[in-house]
Amino acid sequence: MSRFLEGLNDEQRHAVETVDGPLLVLAGAGTGKTRVITVRAAYLLERGFRPEQLLLATFTNKAAREMRERLRGLAGKAVEGATIGTFHSFCGRLLREHAPRLGLPRGFGICDGSDQQSLVKAALRELRIPEATVHPRAAHARISLFKNTLVGPGDALEQAADDWDELVARCYVKYEEALGRQRVVDFDDMLLKALQLLEQHEDIRAPLAERYARVMVDEYQDTNGPQYRIVRALAAGHGNLCVVGDDDQSIYGWRGADVRRILEFEKDFPGATVVRLETNYRSTEEILDAANKVIRNNPKRHGKTLRAWAGHGDKVRVLTMEDESHEAQYVAAEMQWAHDSREERWRDMAVLYRTATQARALEVELRSMNVPYRLVGGMSFFDRKEVRDLLAYLRLAANPHDETSFLRIVNVPPRGIGKGTVDKAVARATEDGSDAWSAFRVLRDAGELPAQATRSFTALEAALDACRHAAAHGRMVDAVHALVAEVDYRAEVDRAYGDDVTRDLRWNGVGELLDFAENHQRRAKDPTLESFLQELALEADDDRKDEDDDGTQDAVTLMTLHGAKGLEFPRVYLVGVEEGILPHRRSALEGSLDEERRLMYVGVTRAREVLTLSFCAQRAKFGKAVVCHPSRFLFEMKEKQPPDTWLPVEQHVTA
DNA sequence: CAAAACTGCCTTTTT
DNA sequence: GGCAGTTTTG
């Protein structure tokens, strides 16, 4: 018997040993899902598959990293060569390789979320649609959903049910045009264009399908249309596809994920083996009981009942707090007590919340009590202004068509190129069907630019040249240095930030970008500006830095429920469990209450031993205090009826 | 014509 | 409590 099968329960072993044909592993929270995937991969290697034949797709970089590390622990060096990564990184590589087939230059850029936002705004402006009528954020979300459900701009226009839909559809058309003009792809395009390569170019698909003899997909419940079809294209023919997931943890419906994918796997792939993992090795009975009581209120489920392997533990607590700062104070104080008196480690505690903004109150309290914390997601390193500025420079160097980046830095640091001049160039670009950068060159060469703008633009060209020159020799650090020096970015930081503390903090961001550059230069096989930028775009959530030697720093974790999926902590606080937050107020309108319930379920099942939920009597919204009501999910959990005074979020008066 | 000061607007979740 | 858009100043 394979040593890899030792210590697995019957179901887990069944999943691992089913090496041929379609396999659906329905893995409830804490049932050893990651273990099954990694052991199965190691088992396949042991059975003679070469690592090159394995494809393991995940949704987050974090998950990919964990898989790789655990697989390395099991199989050692034998893993090298296996493809383990997010859908986006896999697609990115495929795109880079076949860019010309799609009419893209090799140096095509990748827009991140905030670039997408800027493009949507530009499109709205172009269409003279006021932002009050169509919120850029909402439009972007809708466009993204269109793309993730494989609805093109033309179809979107035709399908438009009301005025709002039509405006968004028209914005979608402009948005796509802008992407094309700027030779950039957004996150959604990475999947769509990779799918196009696979479905329309058999000479690309067939060798890949042949190569990847065993395909595995993690978190299958979160697969959206394009991802599903990519998987299908790769597994076509041999059908050796193993998907692992939990319909109760599908929380990405808003991104086009469709729970039906996992509910109907057996229809999609006839003859599929189905394995259910229902023994939970993570949580106490009390915690699982709470989780089960909540999730059973959802109508459409595969239907699993988690059995606790661990015994009884503490009761699940629900606390009422005056407001969010009291809530934060309480949580911070109790964690400190647990650390000091019970010798619990900071890293074993987490505070989870529905929306990223809820972190602020917690940060304030944790900081004042000197509790070390690690804020995951939210305002990331890549959202910082100075990092985004330099990134825009780099992207412009790689792809001068990238107008979003150009417009961002054209006058940062201030170099005397004002709005009037920029508008003129943009108008010219629109006329010529070119881009702002080219238009600037044309205008300058024609002597139609103000003197200062002419000088500055020429200096900018020189800066980008210097950057490209360094990058061409694989020296990413020098490339960044060249930019910083040429544009005198240090002076800009000094100018923009008055006090020494923020100034140092900001300049620090530049240093960290240099660290990334050094890292890439050292690790990448063939470091180019393009590969560096792709890594930066796709691993924006990278939180590997500032960790201890053993890989994890000892700090309390603060993160959203979405970010917490797949993780576990002995002590968990779930804060802000209120109508309007969890479930979120938008969910009532969108009819996604089931998804909010799954989110609650995800939160509850993160806890191993101690789970505390809390809600506030009132909380500040837009600077005003608003009365709050405990979440319906708390009543479901405690099997109680809400009192007469309770109001569901649907009936909240928004004054 | 460009930069600094000021005001009013929103805040779901992520690759 | 931040940022984008607007007004005011240089």
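None of the figures in this text is laboratory data; all of them are computed from the coordinates on show. Source: prediction; values computed, not measured. When we count neighbours, we look across all protein chains shown, and the Cβ atoms used for this are built from the backbone with ideal geometry, even at glycine.
Observations on the structure shown:
- Computed lengthening from A:Asp423 to A:Glu177, 0.36 nm per intervening residue step minus Cα-Cα distance: 86.6 nm
- Here A:Ala310 and A:Arg360 are evaluated by their C-beta separation; at R0 = 25 Å the FRET efficiency comes out at 0.15.
- Projected label distance in nm at A:Glu266 and A:Gln553, using a 7 Å step from Cα toward the beta-carbon: 4.8
- Residue exposure proxy: A:Arg606, A:Arg468, A:Arg523, ordered by other Cβ atoms within 10 angstrom of their Cβ from fewest to most, comes out as A:Arg523, A:Arg468, A:Arg606.
- Ordered by the number of other Cβ atoms lying within 10 Å of each residue's own Cβ, fewest first, A:Leu23, A:Leu529 fall into the sequence A:Leu529, A:Leu23.
- Residues whose amide H falls under 5 Å from that of A:Leu574, counting only those 5 or more places apart or on a different chain, are A:Leu352, A:Thr612, A:Leu613, A:Ser614, with hydrogens built in the peptide plane.
- Segment A:Glu202..A:Leu505, full-extension length gain: 104.0 nm, with 0.36 nm per residue of separation and the alpha-carbon distance subtracted.
- Per-residue ellipticity at 222 nm from helix content only, as computed over chain A with -39500 (n - 2.57) for each DSSP H run of at least four residues, stands at -15500 deg cm²/dmol.
- Each Lys or Arg adds one and each Asp or Glu subtracts one; over the other residues with Cβ under 12 Å from the Cβ of A:Leu8, this totals 0.
- Seen through its C-alpha gyration tensor, with square-root eigenvalues sorted a ≥ b ≥ c, the range A:109-182 comes out oblate because a/c lies at 1.5 or above while a/b is not bigger than b/c.
- Computed from the C-beta positions of A:Lys640 and A:Thr430, the FRET efficiency with R₀ = 45 Å rounds to 0.15.
- Length gained on full extension, A:Arg367 to A:Glu210: 51.1 nm, using 0.36 nm per residue less the C-alpha separation.
- Measuring r between the beta carbons of A:Asp465 and A:Arg585 and using R0 = 56 Å, the FRET efficiency lands at 0.65.
- Values of log10 I(q)/I(0), in the order q = 0.19 Å⁻¹, for the range A:382-545 under a Debye, Cα-only, solvent-free model: -1.22
- Kirkwood Rh and Cα Rg combined as Rg/Rh, chain A: 0.97
- Listed from fewest to most Cβ neighbours within 10 Å, the set A:Ser250, A:Ser587 follows the order A:Ser587, A:Ser250.
- Cα-based shape type of the range A:273-313, given that a ≥ b ≥ c are square roots of the gyration tensor eigenvalues and the cut on a/c is 1.5: oblate
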